[in-house]
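**Q** My questions all concern the structure below.
The values are calculated or read from the model by the stated rules, or taken from the named source; none is laboratory data. Just so it is clear, the structure is predicted and the values come from calculations on it, not from any experiment. Reconstructed Cβ throughout: ideal geometry from the backbone, glycine too, with neighbour counts over all protein chains shown.
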Amino acid sequence: MTEQVEAFNNNHNIAFKANRDGIVIILPENIPFNELKSSFNKKVLGSRNFFGNAKTKIIFKGRNLNDLEEKELLGLMYRYTDLDIILTKREEPQLSLIITEQEQEVTLEPAPEEKEEEQVKPKEAAVFHHGSLRSGQSIEKDGSIVLIGDVNPGAEIKVSGNVVVLGTIAGLVHAGNKGDRNCTVSALKFGSSQIRIAELISHIPEGWTAKQPSHAYIEDDQIFIAPLQ
């Protein structure tokens, strides 16, 4: 995509604009959302050459969308384009407090002996879990986990290490829940779900699925999902 490229829709003046920050989508404000969604769907289908297959951010302007409306529009982008979209970063107010407290603690330098002791402290080994997690079931532990099965809607995994799911993720998965941003979430298939790594949160829209085994990771303060090599 080239900088300051625009594509317009005569119906309701929906506009797509590409610049260095990503793709800016300008939406009309005073029409019902269902009517907007229908026009947006036609616009996306007619603009595949405009989008290409770049890794990019999506920025909505001109209309205040609620969470569900934003997910529905992003779902159309996932479904009908080849874009590698940077998932929306969401932060909860409590997480912002935790980050502030951690930054304050970092300014207090521990004694050298404490640093050395922390470096050689052994990590928890990865464990295997055989069987899918149903709604209402959860796993929470230190270390990493390899789950052979699916994480169904309403199920949760929260661990301090990495998460590998030999199945589909459709629930909530939180890797690095003690703040380790180097952790990843890998799965044979990502469905509509909530992925957390350390303090960052991303919501995968309903209707979107990864086309092949993929992993989620943090880069530039965003959560990306990319195919496993």
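**Q** What are the pairs, 6+ residues apart or on separate chains, where a residue within region 26-45 that is within 16 Å of residue 64 (Cβ to Cβ) has its Cβ under 7 Å from a residue that is charged (D, E, K, R) and in a loop (DSSP other than H, G, I, E, B)?
**A** 27/63; 28/63; 29/63
**Q** Which residue out of 165, 173, 146 is in a strand (DSSP E or B) and over 30 Å from residue 73 (Cα atoms)?
**A** On the way: 165 fails: over 30 Å from residue 73 (Cα atoms); 173 fails: over 30 Å from residue 73 (Cα atoms).
The conditions single out 146.
**Q** What number of residues within region 53-104 satisfy the criterion of being more than 18 Å from residue 227 (Cα to Cα) and modelled with pLDDT under 75?
**A** 17
Okay, residues lined up against (1) buried (at least 17 other Cβ atoms within 10 Å of the Cβ); (2) in a loop (DSSP other than H, G, I, E, B); (3) over 25 Å from the mean Cα position of the chain (by Cα); (4) not charged (D, E, K, R):
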| position | (1), (2), (3), (4) |
| --- | --- |
| 13 | no, yes, yes, yes |
| 16 | yes, no, no, yes |
| 24 | yes, no, no, yes |
| 29 | no, yes, yes, no |
| 39 | yes, no, yes, yes |
| 44 | yes, no, no, yes |
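**Q** In this structure, does residue 182 turn out to be closer than 20 Å to residue 227 by Cα and in a loop (DSSP other than H, G, I, E, B)? I'd like the intermediate steps shown before the answer.
**A** Numbers: closer than 20 Å to residue 227 by Cα: yes; in a loop (DSSP other than H, G, I, E, B): yes.
Here the answer is yes, as residue 182 does meet what is asked.
**Q** Within the group 173, 163, 151, which residue is crowded, with 20+ Cβ neighbours inside 10 Å, touching a strand residue (DSSP E or B) at 6+ places or on another chain (Cβ under 6 Å), farther than 29 Å from residue 69 by Cβ and at pLDDT 90 or above? Spell out how you get there, then give the answer.
**A** On the way: 173 fails: farther than 29 Å from residue 69 by Cβ; 151 fails: farther than 29 Å from residue 69 by Cβ.
Being crowded, with 20+ Cβ neighbours inside 10 Å, touching a strand residue (DSSP E or B) at 6+ places or on another chain (Cβ under 6 Å), farther than 29 Å from residue 69 by Cβ and at pLDDT 90 or above holds for just one of 173, 163, 151, which is 163.
**Q** Looking only at region 151-192, count how many residues are among the polar types (S, T, N, Q) and in contact with a Phe, Trp or Tyr (Cβ under 6 Å, 6 or more places away or on another chain). Before the answer, list the steps.
**A** To start, the set of residues in region 151-192 that are among the polar types (S, T, N, Q) comprises 152, 160, 162, 168, 177, 182, 184, 186, 192.
Retained after the next criterion (residues that are in contact with a Phe, Trp or Tyr (Cβ under 6 Å, 6 or more places away or on another chain)): 184.
So the count comes out to 1.
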